[in-house]
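Only one structure is covered here, and it is reproduced in the block below.
Just so it is clear, none of the values below were taken in a lab; they were calculated from the coordinates. Owing to the predicted nature of the structure, the values given are computational and were not obtained by experimental measurement. Reconstructed Cβ throughout: ideal geometry from the backbone, glycine too, with neighbour counts over all protein chains shown.
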Amino acid sequence: GAVVSQHPSWVICKSGTSVKIECRSLDFQATTMFWYRQFPKQSLMLMATSNEGSKATYEQGVEKDKFLINHASLTLSTLTVTSAHPEDSSFYICSVGLDNNEQFFGPGTRLTVL
Amino acid sequence: GENVEQHPSTLSVQEGDSAVIKCTYSDSASNYFPWYKQELGKRPQLIIDIRSNVGEKKDQRIAVTLNKTAKHFSLHITETQPEDSAVYFCAAGGTSYGKLTFGQGTILTVHP
């Protein structure tokens, strides 16, 4: 499988500020990465598909101007939560997609917006 | 789009018993069905998967079965151990750029 890291592992910010989360594929050149959001005791909800060198594809209902995704290299994708509000508090997890459809997840980032 | 339903939402068993979790999917084009185990605050870990050209797959105490006609697949864990306690998610995909749609999750508790 692929080894995936995320940074930071947790972050607390004030309402109205922006937060950037990094997802790195450490041993695999990832053309495709995925960003999920997971609220407590709920399932993983796909937010967007991050494609290296092109614009991300967002799921219905996810605001692309609020959740900015950049996938500038085969090892790094970033998610920026702009103007964060308390309702954005969640567990954000990225994954690396392999050609055979397997996905391997990062350790997640716990975002708390005060 | 794809819709995945997972049951039960919670499952409590005694150590040594078997546990079965079931999922149904809606998109007949889906051809990849992984199962993930997630411990509290941790990342989902792939534990087993099955593809549409196979009806059953086994890996030690874990097995998965797939019924393409009925569009359902199941996870079977035998000889359960307390360390099997976690949330288990099924998923379906393999059609749209590798996207996966996840089920709602099952909280499995194995009592010693």
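Order by neighbour count: A:58, B:97, fewest other Cβ atoms within 10 Å first, most last.
B:97, A:58
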What is the projected area of the convex hull of the Cα atoms of the stretch A:19-95, averaged over all directions, in nm²?
5.1
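Using the Cα centre of the stretch B:1-70 as the reference point, and only Cβ charges (+1 on K/R, -1 on D/E), how large is the resulting charge dipole? Debye, rounded to the nearest 20. Walk me through the numbers before you get to the answer.
On the way: 9 positive and 9 negative charges, 36 e Å.
For this selection, approximately 180 debye.
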Which aspartates and glutamates does residue B:71 reach when only Cα atoms under 12 Å apart count, and residues fewer than 8 places away in its own chain are ignored?
B:2, B:5, B:27
May I ask you to list the lysines whose Cα is less than 28 Å away from that of residue A:64, ignoring any residue fewer than eight positions away on the same chain?
A:14, A:20, A:41, A:55, B:42, B:99
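Which of B:89, A:67 has the fewest other C-beta atoms within 10 Å, and how do the rest follow up to the most? Let's see the in-between values first.
Values: B:89 25, A:67 19.
Ascending number of Cβ neighbours within 10 Å: A:67, B:89.
To the nearest 20 Debye, how big is the dipole of the stretch A:22-114 about its Cα centre, given +1 on the beta carbon of each Lys and Arg and -1 on that of each Asp and Glu? Mind dumping the intermediate values first?
Numbers: 7 positive and 10 negative charges, 42 e Å.
It works out to roughly 200 debye.
Label the stretch B:1-105 by shape, choosing from rounded, prolate and oblate, from the square roots a ≥ b ≥ c of the eigenvalues of the Cα gyration tensor; if a/c is under 1.5 it is rounded, and otherwise prolate applies when a/b is larger than b/c, oblate when it is not. Write out the running numbers ahead of the final one.
On the way: a/c = 1.89, a/b = 1.52, b/c = 1.24.
Judged from the Cα gyration tensor, the stretch B:1-105 comes out prolate (a/c at least 1.5, a/b above b/c).
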Of B:28, B:52, B:85, the one that fluctuates the most in a GNM where chain B has Cα springs shorter than 10 Å:
B:28
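Below 10 angstrom from the Cβ of residue B:99, what's the summed charge of the other residues (Lys, Arg +1; Asp, Glu -1)? List each step's numbers first, then the result.
On the way: positive: none; negative: A:59, B:2.
So the environment of residue B:99 carries a net charge of -2.
Sort B:108, A:68 by Cβ crowding within 10 Å, fewest neighbours at the top. Don't skip to the answer; put the middle values down first.
Working: B:108 21, A:68 16.
Arranged by neighbour count, lowest to highest, B:108, A:68 become A:68, B:108.
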Along the stretch B:35-43, Karplus-curve 3J(HN,Hα) (6.51, -1.76, 1.60; θ = phi - 60°) to the nearest Hz, with x for Gly and Pro, reads 10, 10, 10, 10, 8, 3, x, 10, 6
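Can you give the charge dipole size of the protein assembly as shown about its Cα centre, rounded to the nearest 20 debye, using +1 on the beta carbon of Lys and Arg and -1 on the beta carbon of Asp and Glu? The partial results should precede the final answer.
Details: 20 positive and 22 negative charges, 70 e Å.
Charge dipole, the protein assembly as shown, about its Cα centre: 340 debye, nearest 20.
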Determine the distance separating the Cα centre of the stretch A:59-101 from the Cα centre of the stretch A:1-45; give it in Å without decimals.
7
Charge dipole of chain A built from unit charges on the beta carbon (Lys, Arg +1; Asp, Glu -1), centred at mean Cα; most positive-end Cα among A:53, A:1, A:69 is A:69
No Cys partner within the rule (Cβ under 4.7 Å), chain A
A:13
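Compute the Cα gyration tensor for the protein assembly as shown, then decide on rounded, prolate or oblate, letting a ≥ b ≥ c be the square roots of its eigenvalues: rounded whenever a/c is under 1.5, prolate when a/b is larger than b/c in the other cases, and oblate in all that remain. Provide the component values of the computation, followed by the final result.
Numbers: a/c = 1.96, a/b = 1.48, b/c = 1.32.
Note, shape of the protein assembly as shown comes out prolate.
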